[in-house]
1. Of the residues Ala135, Ala63, which is within 24 Å of Ala27 (Cβ to Cβ) and not β-branched (Val, Ile, Thr)?
2. Taking segment 29-51 as the region of interest, how many residues are assigned to a strand (DSSP E or B) and of a type in the set (D, E, K, R)?
3. Which is hydroxyl-bearing (Ser, Thr, Tyr) and closer than 26 Å to Ile68 by Cβ, of Ser129, Ser98?
4. In segment 117-126, is there at least one residue being crowded, with 16+ Cβ neighbours inside 10 Å, in contact with a helix residue (DSSP H, G or I) (Cβ under 6 Å, 6 or more places away or on another chain) and either of a type outside the set (Lys, Arg) or modelled with pLDDT of 95 or more (or both)?
5. Can you confirm whether segment 79-95 contains a residue that is of a type outside the set (Asp, Glu) and touching a residue at least 60 places away in the same chain (Cβ under 8 Å)?
6. Does Pro78 satisfy being within 22 Å of Ala142 (Cα to Cα), part of a loop (DSSP other than H, G, I, E, B) and touching a strand residue (DSSP E or B) at 6+ places or on another chain (Cβ under 8 Å)?
7. Is it the case that Val54 is surrounded by 18 or more Cβ atoms within 10 Å (Cβ to Cβ), modelled with pLDDT under 95, at negative phi and in a loop (DSSP other than H, G, I, E, B)?
8. Got at least one residue in segment 132-150 being surrounded by 18 or more Cβ atoms within 10 Å (Cβ to Cβ), at pLDDT 95 or above, assigned to a helix (DSSP H, G or I) and touching a Phe, Trp or Tyr at 6+ places or on another chain (Cβ under 7 Å)?
Amino acid sequence: MDWFVLVLVLVLSALAVAPTTATSSCATGERPSYYVPGGAARPIAIIGCVRLGVSGKPVELSADSERIGGKDHLCLNPAYRGRGQLGIYIPARCTLPSRLRELRVLDVDVPRQAVRGYEVVIWGTVPPSTSELVAHHQGGRARGAVLRVPRALASKTGASAAFSAFVVQLPIAAACHPIRLRAVTAPRRSGGRSRHRPRPGTGAGARRRSVRRSRSWSRPGAGRCTPGTAPR
C-alpha cells in the first residue's frame, strides 16, 4: 500500500499548489486613466483588478455599454501592462445584457501585442451568485478570480442589473489540450416555504441543506501545436 499512499500524497500536493488568479485592490468604480476604444462619452467604470496566477502579472478590467447593430451591448475591457504602462493592450469583447447571467467565455488568448510574459488568459462572465471558478487542463487545474459587480457599480457601466466577471490564467502549453471551466454558485439554503407537500424527512423540522450548483464550459485541444506557438 506504500505506493498508493505515495500517489495520494503527490496528487494532493499538486492540487494544493494550483495557480490562483486573485483579485487585487484598484480604483474600482472610477473611469480608467488610459484610453479605452469605443468613445469617451459613454458610461464606463473599472469593475476590478486581478493578479494572474501563472505569470503574476496584473490585469485591470473595466466595463461599458455600447450600441452595436442597433442593440445595447455590455463590453468588458481587460487592460494589460506593457512598456511600463497599464492599458497598452485592451482586447475588448462585447455581449448582450441577456447573456450576462451565464458562464460565457469571451476570450481565450495569449496576449502578445506590445506586452510580454503573459500566458493563456481566459475571461468572460459568470452568474452573479458564482463563488468560485476552476479551470481544468491536462497539466492540472487553476483557480480563477471572480469579480462581483453589484447593481450600484453596474449602473456606472450602463448595465441595469448586477453581474459578475471572471479571469483565469493557464500555462501556455494548456492551449494545446482540452480545457474545461467549472463555475460554482454560492451555497443557498433549501427547505423554504412551498405549497407542495414535503417529502418524508424534508418538513419544517428537517435540517436544511446547502445547495451548490455548478456550470461548465469546455473546448477541445488545438491538436498539433508547441507550447511556444500555442494558438490564439
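1. Values: Ala135 fails: within 24 Å of Ala27 (Cβ to Cβ).
Testing whether each residue is within 24 Å of Ala27 (Cβ to Cβ) and not β-branched (Val, Ile, Thr) leaves just Ala63.
2. Restricting attention to segment 29-51, the residues satisfying the condition of being assigned to a strand (DSSP E or B) are 44-51.
Now restrict to residues that are of a type in the set (D, E, K, R): 51.
Qualifying residue count, segment 29-51: 1.
3. Values: Ser129 fails: closer than 26 Å to Ile68 by Cβ.
The conditions single out Ser98.
4. Looking only at segment 117-126, we keep the residues that are crowded, with 16+ Cβ neighbours inside 10 Å, and these are 118-126.
Applying the additional criterion that residues be in contact with a helix residue (DSSP H, G or I) (Cβ under 6 Å, 6 or more places away or on another chain) yields 119-120.
Next, only the ones that are either of a type outside the set (Lys, Arg) or modelled with pLDDT of 95 or more (or both) stay: 119-120.
Yes, segment 117-126 contains at least one residue that is crowded, with 16+ Cβ neighbours inside 10 Å, in contact with a helix residue (DSSP H, G or I) (Cβ under 6 Å, 6 or more places away or on another chain) and either of a type outside the set (Lys, Arg) or modelled with pLDDT of 95 or more (or both).
5. Here is the first cut: in segment 79-95, the residues of a type outside the set (Asp, Glu) are 79-95.
From what is left, the residues that are touching a residue at least 60 places away in the same chain (Cβ under 8 Å) are none.
No, every residue in segment 79-95 fails to be of a type outside the set (Asp, Glu) and touching a residue at least 60 places away in the same chain (Cβ under 8 Å).
6. Values: within 22 Å of Ala142 (Cα to Cα): yes; part of a loop (DSSP other than H, G, I, E, B): no; touching a strand residue (DSSP E or B) at 6+ places or on another chain (Cβ under 8 Å): yes.
For Pro78, the condition - within 22 Å of Ala142 (Cα to Cα), part of a loop (DSSP other than H, G, I, E, B) and touching a strand residue (DSSP E or B) at 6+ places or on another chain (Cβ under 8 Å) - is not met.
7. Numbers: surrounded by 18 or more Cβ atoms within 10 Å (Cβ to Cβ): yes; modelled with pLDDT under 95: no; at negative phi: yes; in a loop (DSSP other than H, G, I, E, B): yes.
No.
8. No: segment 132-150 contains no residue that is surrounded by 18 or more Cβ atoms within 10 Å (Cβ to Cβ), at pLDDT 95 or above, assigned to a helix (DSSP H, G or I) and touching a Phe, Trp or Tyr at 6+ places or on another chain (Cβ under 7 Å).
The values are calculated or read from the model by the stated rules, or taken from the named source; none is laboratory data. Bear in mind that the values here come from a model prediction, so they are computed numbers and not experimental data. Methodologically, a virtual Cβ is constructed for each residue, glycine included, from the backbone with ideal geometry; neighbour enumeration extends over all protein chains shown.
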